[in-house]
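This report refers to the structure that appears directly beneath it.
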Amino acid sequence: MNKTTNGIGELRSEVRGRVLLPGDEGFDPARRPWNSAIEQPVAAVVEIADADDAANLVRYARNSGLALTAQPNGHGATGDVEGLILVRTGRLDEMEVRPGSRIARVGAGVSWGRVQAAASPHGLTGLPGSSPVVSVVGYTLGGGLSWFGRKHGWASESVRAFEIVDPDGKRARVSADEDPELFWALRGGGGDFALVTAIEFDLHPAPVLYGGRMLWPAERAPEVLAAYQEITATAPGELTAWFDLLNFPGSAPMVAVDATYLGDERQGRTLLRPLERIGGTISDGRGVLPVSDLGAITAEPTDPSPGLSRGELLTGLDEPAGKDLLARTLLDEPIDPLLSVQIRHLGGALAAPSEGAAPALTEPYSLYLFGVPSTPTAAAAIRARQGEITRALAPLISGRKPYTYLSPGESAAAAFAPADLARLQGIKRRRDPAGVICANYPVIS
């Protein structure tokens, strides 16, 4: 993505938030995304003060022939931002939780950790993923694959309304009754259509949550995978389990199962009992926990760090040929130089038709491959290993992937059926013909 930067120096007179240009003190730290492996050659960084400031900025960009991209912190950054204005939304940090009506309203700078901390005392939960520092808005615009998606579907399905600035710089509220076309696109179609300043969404009952991580030495991986396949073959929607091969620096390789169950401990233990038959457990961190502690299960880094990921959707694990292929690919050789190889159980409500752009996930599992590119040589080795694994598992890979699994160099076309992609592209052309608003993965390449 590249836009002319004529007139960029006049930004300071148009917005109240902080403006940083190349050469300014603080510009380089401000333009860096959360994933520090990504470079962002932007023309300016603007930390908008509020929604009115966002509207002023969008109008200025439109009238000046400029384009912008919004990031609270840049978890999904691609680096395809040359010449753009990088909009930081961290100051849009208002949050309201209404337990009586089970509704939350949050600004674009609010993270899932804050929502969960506010909802938990009321026995309620949002639909977050594994990290508490990911922004609610960015995550939800891409659909939002949650720990609780098997029970409640995509996070985007729980949205009641978006508050936006459109590509003409006008503020608006978007809901099923107020602009249903744009409401459909924003629920899982990415951030290509408007600058979202706030979001209102349903909270869900979670009076009791059971879950945690079980950990074994890597040599137990065949037994753990077999138990995982047994559990997920009949798991109810309230249960979500992830299988993890782990290769942490300085530690021996390990295998883990991470799980959450929206219900009492006794039933949760019963559903996960096949894991308890496996000996040699290093640790068992399962127990009753508040939804505010979800991030502790996988304990992902909460500070910016480099990463290279690749995600795929798997058509199944249950057929004998699939079991054999998975075992030979993932268990017979070390995953090094990858840090982790994760299989997530999907299905349940995620497989149901969606009312937004996020598609039904008919594939029952996903595959996520992650490594830390400490050097260019390490980055090349990580990409090579990711390629080896995906080529070996090609018979099980569906060929599409969730929007939030896209990686730099990939296209939004991989996330949508052709008809839905065409619909999203039509909305983009009608709503933003000048390309003022740019998503991490634009629907029109």
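Using alpha carbons only, how many angstrom separate the centre of region 176-222 from the centre of region 224-274?
A separation of 20 Å, based on Cα centres.
Counting pairwise Cα distances across region 291-351, what percent come out greater than 15 angstrom?
In whole percent, the long-distance tail amounts to 70.
If you wrap a convex hull around the alpha carbons of region 97-159, what volume per residue comes out, as a whole number of Å³?
78 Å³
Per residue of region 10-24, in order, report the coupling 6.51 cos²θ - 1.76 cosθ + 1.60 (Karplus, θ = phi - 60°) as ³J(HN,Hα) in whole Hz, putting x for Gly and Pro.
For region 10-24, the Karplus curve yields 7, 4, 4, 7, 9, 10, 8, x, 6, 10, 10, 10, x, x, 6 Hz.
Simple spin-label model, 7 Å along Cα-to-Cβ: Asp324 to Ser13 in nm?
For Asp324 paired with Ser13, the spin-label model returns 7.4 nm.
Taking amide hydrogens as modeled 1.01 Å from N in the peptide plane, which residues meet the under 5 Å criterion relative to Ala161, leaving out close sequence neighbours?
Counting only residues 5 or more places away or on other chains, the set is Glu200.
Just check region 210-405 against the gyration tensor rule for me: Cα atoms, a ≥ b ≥ c as the square roots of the eigenvalues, rounded for a/c under 1.5, and otherwise prolate or oblate depending on whether a/b exceeds b/c.
Rounded is the answer for region 210-405, as its axis ratio a/c remains below 1.5.
Using only Cα atoms, locate the centre of region 370-388 and the centre of region 99-155, then give the distance between them in Å, rounded to an integer.
Computed from Cα coordinates, the inter-centre distance equals 32 Å.
Rg and Dmax of region 8-88, Cα atoms, in Å?
Using the Cα atoms of region 8-88, the pair Rg, Dmax is 11.7, 33 Å.
Can you pull the Rg over Rh of the chain, Cα-only, Kirkwood?
That ratio is 0.97, to two decimals.
Give me a comma-separated list of calculated 3J(HN,Hα) values for region 228-245, in order, Karplus coefficients 6.51, -1.76, 1.60 applied at θ = phi - 60°, integers in Hz, x for any Gly or Pro.
Values, residue by residue: 4, 5, 5, 5, 6, 5, 10, 5, x, x, 6, 9, 10, 9, 10, 9, 10, 9 Hz.
Report the full-extension gain for the segment Lys170 to Ser36: residue separation times 0.36 nm, less the Cα-Cα distance, to one decimal in nm.
Separation in residues times 0.36 nm, less the Cα-Cα distance, equals 44.9 nm.
Set Lys and Arg Cβ to +1 and Asp and Glu Cβ to -1, take the dipole of the chain about its Cα centre, and tell me which of Leu66, Ser411, Ala252 lies farthest positive.
Leu66
Amide H to amide H under 5 Å from Ala360: which residues, 5+ apart in sequence or cross-chain, H placed 1.01 Å off N in plane?
Under 5 Å from the amide H of Ala360: Ser354.
When N counts the residues of region 41-200, how does its alpha-carbon radius of gyration compare numerically with 2.2 N^0.38 Å, as a ratio?
Here the answer is 1.01, to two decimals.
Looking at Val341, Val288, Val159, which one has the Cα that reaches farthest to the positive end of the dipole of the chain (charges on Cβ: Lys, Arg +1; Asp, Glu -1)?
Val159
Defining a contact as two alpha carbons under 8 Å apart and six or more residues distant in sequence, what relative contact order in percent does region 131-268 show?
The value is 24 percent.
Assign unit charges at the C-beta atoms only (+1 for Lys and Arg, -1 for Asp and Glu), then state the dipole size of region 213-353 relative to its Cα centre in Debye, rounded to the nearest 20.
200 debye
Read-outs: derived from the displayed coordinates by stated rules, not from any lab. Just so it is clear, the structure is predicted and the values come from calculations on it, not from any experiment. Glycine also receives a Cβ, built like all others from the backbone with ideal geometry; neighbour counts cover every protein chain displayed.
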